[in-house]
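Colleague: Handing you a structure now.
Read the figures in this text as sums done on the coordinates, not as results from a lab. Being a predicted model, the structure only gives us computed values, none of them experimental. Here the Cβ is made from the backbone with ideal geometry for all residues, glycine too, and neighbour counts use every protein chain on show.
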Amino acid sequence: MKTRRPLFAVVLSLLVWLIGGLVGGSSPALAVVSIASSGTTTIPYGGMVRGAPEPVFLVGFVQIDMVVVEDPDFGTPPVVRLSIDFSNVSGVGLKSGMKYVTSGGQDLIRPLVATDVVDVTFAILPAVGIAGFTRARPVLASFTLNYNVSTEAFASGTASPAVDVTDILPAQ
């Protein structure tokens, strides 16, 4: 007597696969947001970072990409997604003349208000490592960003000079 067991196993496997695809194959729910406005601005930046091992003078331009986002489903107030890029800021040590570079940037989500003061930390480090060892130094940057709330658009922005962030570890 011939059994049809292999055919039954194949049919059962296909049936399980088909039902699994129908039940679990749907994609997750996606949030619906509306981009009200977007833009990019470049803000001149400069200042002094004091502390060990030497004071560092920073200068350059900070690029800020902004996207104003609204949530039409829940009616929450609009927010601004900021992408702050410090890669065009560099420095020079006032004692050694050593060149310093910055650490890139940060992404933030902030409420859309007429005037927003944004404090961002970033790191500076020597452009060339000393004997294979470099230690980043923290720096605090403060930006004042002004928006036209009625049109949900960026109006202007300024940067305050660099401010030291106290080192937790002693200088080496």
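Colleague: Set the Förster radius R0 to 25 Å, insert the Cβ-Cβ distance between Thr41 and Lys95 as r into 1/(1 + (r/R0)^6), and round the FRET efficiency to 0.05.
Modeller: Efficiency computed from Cβ-Cβ geometry: 0.15.
Colleague: Taking the Cβ of each residue in Ile124, Ile109, Ile43 as the centre, tally the other Cβ atoms inside 10 Å and list the residues starting with the fewest.
Modeller: Ile109, Ile43, Ile124
Colleague: Which trypsin sites (Lys or Arg not before Pro) does the range 51-155 hold that lie in a coil by DSSP with at most 16 other beta carbons within 10 Å?
Modeller: Sparse-neighbourhood loop trypsin sites (Lys or Arg not before Pro): Lys95, Arg135.
Colleague: Let me ask another. What list of ³J(HN,Hα) values in whole Hz, one per residue of the range 34-44 in order, does the Karplus curve 6.51 cos²θ - 1.76 cosθ + 1.60 (θ = phi - 60°) give from phi, with Gly and Pro shown as x?
Modeller: So the Karplus estimates, Gly and Pro as x, are 10, 8, 7, 7, 8, x, 10, 9, 10, 10, x Hz.
Colleague: Between Asp73 and Asp119, what FRET efficiency comes out of the Förster formula 1/(1 + (r/R0)^6) with R0 = 35 Å and r the beta carbon distance, rounded to 0.05?
Modeller: Approximately 0.65, to the nearest 0.05.
Colleague: Here is a follow-up. Net charge around Ser37, counting only other residues with Cβ within less than 13 Å of its Cβ (Lys, Arg = +1; Asp, Glu = -1)?
Modeller: Local charge sum for Ser37: -2.
Colleague: Something else: Going through the range 45-88, which chymotrypsin sites (Phe, Trp or Tyr not before Pro) have at most 16 other Cβ atoms within 10 Å and a DSSP loop state?
Modeller: Filter output for the range 45-88: Phe74.
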